[in-house]
1. At R0 = 45 Å, how high is the FRET efficiency between SER431 and ALA231 if r is their beta carbon distance? Nearest 0.05 is fine.
2. So for the stretch 392-537, averaging the separation of alpha carbon pairs under 8 Å that are six or more residues apart and normalising by length, what relative contact order in percent results?
3. Ignoring any ligand, DNA or RNA, what whole percent of the accessible area of the stretch 220-359 comes from carbon and sulfur when the probe is 1.4 angstrom?
4. Roughly speaking, what is the stretch gain from ASN394 to VAL12, that is 0.36 nm per residue apart minus the C-alpha to C-alpha distance, in nm to one decimal?
5. Just the accessible area for LYS291, please: 1.4 Å probe, Å², rounded to the nearest 10?
6. Kindly provide the helix-only [θ] at 222 nm of the chain, computed as the sum of -39,500 (n - 2.57) over DSSP H runs of four or more divided by all residues, to the nearest 500 deg cm²/dmol?
7. Which whole-number percentage describes the relative contact order of the stretch 63-110, with Cα contacts under 8 Å and a sequence gap of 6 or more?
8. Taking the 0 to 90 degree range and rounding to the nearest ten, how far is the long axis of helix 80-92 tilted relative to the main principal axis of the chain, both from C-alpha atoms?
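The values are calculated or read from the model by the stated rules, or taken from the named source; none is laboratory data. Computed from a predicted model, the values in this text were never measured in an experiment. Reconstructed Cβ throughout: ideal geometry from the backbone, glycine too, with neighbour counts over all protein chains shown. The protein model used for the area step is the full one, side chains on, heavy atoms only, and it has no ligands, DNA or RNA in it. Shrake-Rupley method; radii C 1.70, N 1.55, O 1.52, S 1.80 Å.
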Amino acid sequence: VKACAEQGLEVVIRIGPWAHGECRNGGFPDWLQNECSDILRSRQEPYISYVRRYINKIAEQIKGLPLFAIQIENELTGDPDYIELVRQLAADEGLHAPLYTATAWGRARLPETVFPMYGAYPEAPWTNHINVLEPNPNYFFSLIREDGCIGSDILGTSTEVTDNSDNVPFMTCEMGGGNQITYHRRPLINSRDIEALVICKLGSGINLLGYYMFCGGLNPIGLTTMQESKASGYPNDCPVISYDFQAPIGDMGQIRESYFRLSFIHRFLHSFGEMLAPMIAIMPDKAPSSKEDINTLRCALRSDGNSGFLFINNHIRLNKMPAHPAHNFNIAFNERSVSFSLDIPEDSSFFIPVNISVGGLDILYATAQPVSCSENSLELLQIEGLTAVIALANGKAYTLEAGLNRINDTDIVLLKNEPYERSVLQKINTSAVQKCCDSDVLLGHLPIEDKTDEYKVCWTDEDKWLVIKAKGNVAGFFVNRQLVSDQYLNGDSWVIDLRNMNEAEGRILVQSFTENDRDKVYLEIPFETGSHVPEVFVSREDTLLI
């Protein structure tokens with residue numbers, strides 16, 4: 001919190017006390033789970049005294065440091081009096097912030113003293129089956145704030161949601177910057193899945209993007225493993241150490257394409273936020289008839305009545321979306337109407353300015369995505385598959401070239417939508433060896449028999465990253481016979497940070513799939529049985545782009 005304050009960043013601290021995060025007992029220590037098993041997350045003693053002591057210790061460390069918000073509890077839907085008591089305990093200990101918040105999904109009943117926060121994920125890997133899910137409602141524009149799937153592992157499965165009637169801004173604390181994987185469901189999330197999700201929610205009225213996760217992490221191993229598992233009483237099994245989440249910044253610090261795609265949106269929010277915030281979300285006259293309707297264009301307008309931003313999503317995860325050539329838009333503002341035709345590329349997500357005065361220009365519309373602006377400049381991002389054009393209210397239209405353009409006295413920079421360039425990787429040798437690493441920590445929480453194969457890999461002092469591409473069921477990376485990282489294999493690259501390692505040799509344990517596993521795991525890559533030698537690569541770059 002101090003480091004954030006020094007950098008001018010605002011902090012939302014989630015004090016729980018129940019945190020979840022796919023963590024053992026939701027974060028409660030085993031002794032508390034045992035002593036207070038029937039009264040956890042209630043106002044009863046001795047649990048509430050332990051909560052008071054816990055909050056007191058947090059306050060000792062951060063009282064007086066600037067906070068933007070304090071989240072009370074997590075995914076608790078039916079006890080507003082308990083949430084209010086925890087909030088009051090925090091306030092009594094001197095933990096103050098402009099907002100006290102709480103998660104609002106699950107049709108939560110919340111006290112009026114806390115601000116409802118929402119969320120949305122590209123997938124639901126906690127779902128208790130291995131079938132392909134129906135089209136995700138989060139890829140549609142809607143005035144309904146609640147995601148009917150989020151938290152269903154804890155709150156019960158329900159896709160019923162109610163129309164939003166909250167007289168407060170739409171804000172999120174759990175926009176999926178990726179998704180975790182569970183043993184039985186292993187979605188493979190790509191950057192367009194994340195970008196489209198964010199664009200849909202912005203177009204639906206969000207005024208604060210709070211991600212979960214934006215940066216993945218690692219669970220420690222103590223007297224027990226600390227991840228959620230069926231062995232600890234939860235419905236899902238999660239990797240022992242890796243909580244990568246397929247996030248924009250991975251668990252080892254690797255950078256994904258989603259980081260850069262989102263950065264353009266974040267720059268837009270920094271620059272245009274004051275303009276966007278009071279704009280309400282307006283749905284089109286013709287909306288998709290169902291979640292299966294892939295032929296009706298998904299779009300929404302954020303507008304204050306005089307100007308606006310048109311949001312378009314033509315991407316649904318795992319579905320190929322058709323192009324919409326020459327789609328006509330007719331938008332009536334208070335003082336004038338704006339009409340134009342737009343070729344919507346297949347599998348695209350973007351937003352454009354409509355009827356706004358910015359950078360010294362009176363713009364009817366632009367077929368490029370706004371990024372930043374100042375008094376006499378405007379920065380736009382080229383939309384893949386579209387020619388960048390600015391149409392002005394005076395009837396003139398200008399086709400933009402990549403780089404600097406000048407219209408009247410305004411500098412317009414068109415940023416190219418460059419292909420994502422990943423770090424250069426060099427393949428190194430991997431050899432099968434006799435087993436010496438104990439697989440119990442890796443597999444002990446899973447209902448499978450140990451059939452692991454072990455492989456040796458070596459690196460040099462110049463190598464900074466390992467990138468492992470392994471096929472199979474479960475894999476672990478060991479150094480000096482200690483588990484460093486593990487994966488439920490799903491087709492994603494698996495990264496090991498070598499920069500602070502004193503050793504130059506590691507072992508990879510891989511548990512192959514058998515035919516018996518076929519009906520137990522949901523995969524979005526081909527199911528392959530038998531042993532496969534993992535491919536291992538190194539990078540010597542300071543920052544790893546994967």
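1. It comes out at approximately 0.85.
2. Reported relative contact order: 26 percent.
3. 53
4. Numbers: separation 382, 0.36 × 382 = 137.52 nm, distance 4.55 nm.
Stretched fully, the ASN394-VAL12 segment lengthens by 133.0 nm.
5. Approximately 60 Å² of LYS291 is accessible to the 1.4 Å probe.
6. Mean residue ellipticity, 222 nm, calculated: -4500 deg cm²/dmol.
7. Worked out over the stretch 63-110, it gives 57 percent.
8. In the chain, helix 80-92 runs at an angle near 90 degrees to the longest axis.
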